[in-house]
Amino acid sequence: MNLPLRDRVALVAGATRGAGRGIAVQLGAAGATVYVTGRSTRAARSEMDRPETIEETAELVTAAGGRGIAIRVDHTIPAQVGALIDRIRMDHGALHILVNDIWGATVMEWNKTVWESSLDAGLRNLQLGVGTHAITSHFALPLLIESPGGLVVEVTDGTADYNTKNYRVSFFYDLAKASVLRMAFALGHELAPYGATAVALTPGWLRSEAMLDAYRVTEANWRDATRIQPHFAISESPAYIGRAVAALATDPAVSRWNGQALSSGQLARVYGFTDLDGSQPDAWRYVPEVQDAGKPADTTGYR
């Protein structure tokens, strides 16, 4: 088996489901040891109250060819994050890949101004989607820079170009996703002297477990959802962004991307990987050129 990351240790923070799970599994498929963290375990669910667990993700990592290690961590609590990094140091003495995919927001008030929104809910979302990333980087990066060639991936929603030009439906959501883009830029400057690379990465229209449930479909029959929302035809599986991260992590010239904002569809064209169905969906070209432009759903040339 080709396992280019078999000697690498990764931390996917926020790996319970969705993009985080997809990334963890694909890093495992490349042979990495992957610490998967989150708040939902078989013993207790997080406030999201969904069935996915970090234990399941770790088992999928191992089944894919790597080694999955599940540790319950609330990334809003610095002491828990610090203890996690201490354990990684004790067990392996190194951290080569950090993926900050933490989100976990449960209350999103779409199409409300900042003054109409619940302040408690909005600030909680910033804590979950921004504060957690900063806390995790604070503790993890001193270990990561001890080994040359480290990679940090800040997972967000939307490309820099799209988010600059478009209001993302809510003051607090817009701010959270823009902040993560800027984090990658700032980390790129701070990590470069140590030979490490930081990028922001967005999936397209992600077929997460929650999204599939919302449309009452499964990964096997997801195309049935296009009867309700035709533009869902551009959607992608979590494996797609996972393969994007694996491609970055195995690229000896990954530093060329330092500080940049990237998308799964963009990287597919560079590295040649595909989604599970063999296609290469490019949602962040499709959305402005077709969906936002009011054109009929047609993925020709976009996947």
- Task: Just need a number here: residues in the range 256-271 that are crowded, with 17+ Cβ neighbours inside 10 Å and assigned to a helix (DSSP H, G or I).
- Result: 6
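To keep it simple, each residue is scored yes or no on (1) in contact with an Asp or Glu (Cβ under 6 Å, 6 or more places away or on another chain); (2) surrounded by fewer than 15 Cβ atoms within 10 Å (Cβ to Cβ); (3) not in a helix (DSSP H, G or I).
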residue	(1), (2), (3)
D49	no, yes, yes
G68	no, no, yes
D74	no, no, yes
L126	no, no, no
- Task: Determine whether S117 is part of a helix (DSSP H, G or I), in contact (Cβ under 8 Å) with a residue 24 or more places away in the chain and more than 14 Å from Q260 (Cβ to Cβ).
- Result: no
- Message: Residue under question is G242, and the condition is that it be farther than 25 Å from R17 by Cβ and either in contact with a Lys or Arg (Cβ under 8 Å, 6 or more places away or on another chain) or surrounded by 13 or more Cβ atoms within 10 Å (Cβ to Cβ) (or both); does it hold?
- Response: no
- Note on the structure: If we ask which residues in the range 273-303 are of a type in the set (D, E, K, R), within 30 Å of A30 (Cβ to Cβ) and out of contact with any strand residue (DSSP E or B) (no Cβ under 7 Å at 6 or more places or on another chain), their number turns out to be 4
- Query: Among the residues of the range 187-209, which ones are more than 15 Å from the chain's Cα centre (by Cα) and surrounded by fewer than 24 Cβ atoms within 10 Å (Cβ to Cβ)?
  - Reply: G188, H189, E190, L191, A192, P193, Y194, G195
- Query: Residues in the range 289-303: is at least one of a type in the set (V, I, T) and within 20 Å of the chain's Cα centre (by Cα)?
  - Reply: no
- Task: Could you grab me the full set of residues in the range 159-194 that are in a helix (DSSP H, G or I) and either at positive phi or hydroxyl-bearing (S, T, Y) (or both)?
- Result: Y162, T164, Y173, S179, Y194
- Message: Every residue in the range 89-113 that is surrounded by fewer than 22 Cβ atoms within 10 Å (Cβ to Cβ), aliphatic (A, V, I, L, M) and at pLDDT 95 or above, please.
- Response: M90, A94
- Task: Specify the residue that is nearest to L95 (Cα to Cα); the eligible residues are those in the range 51-66 that are of a type in the set (V, I, T) and crowded, with 18+ Cβ neighbours inside 10 Å.
- Result: V61
- In the range 281-303, what count of residues is obtained for those that are in a loop (DSSP other than H, G, I, E, B), crowded, with 19+ Cβ neighbours inside 10 Å and not aromatic (F, W, Y)? 3
- Note on the structure: Reported set for the range 18-44 where residues are surrounded by fewer than 24 Cβ atoms within 10 Å (Cβ to Cβ), in contact (Cβ under 8 Å) with a residue 40 or more places away in the chain, farther than 19 Å from A140 by Cβ and among the basic types (K, R) is none
- Task: Would you confirm whether any residue within the range 218-238 is within 22 Å of I97 (Cα to Cα) and part of a helix (DSSP H, G or I)?
- Result: yes
- Would you pick out the residues in the range 276-303 that are closer than 20 Å to I228 by Cα, out of contact with any helix residue (DSSP H, G or I) (no Cβ under 6 Å at 6 or more places or on another chain) and of a type in the set (G, A, S)? A293, G294
- Residue within the range 81-94 that is acidic (D, E), assigned to a helix (DSSP H, G or I) and over 27 Å from R243 (Cα atoms) present: yes
- Query: Looking only at the range 235-264, which residues are in contact (Cβ under 8 Å) with a residue 60 or more places away in the chain and in contact with a Phe, Trp or Tyr (Cβ under 6 Å, 6 or more places away or on another chain)?
  - Reply: R243, G259, S263, S264
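The values are calculated or read from the model by the stated rules, or taken from the named source; none is laboratory data. Only a predicted model underlies this, so the values are computations on that prediction, with no experimental measurement involved. Reconstructed Cβ throughout: ideal geometry from the backbone, glycine too, with neighbour counts over all protein chains shown.
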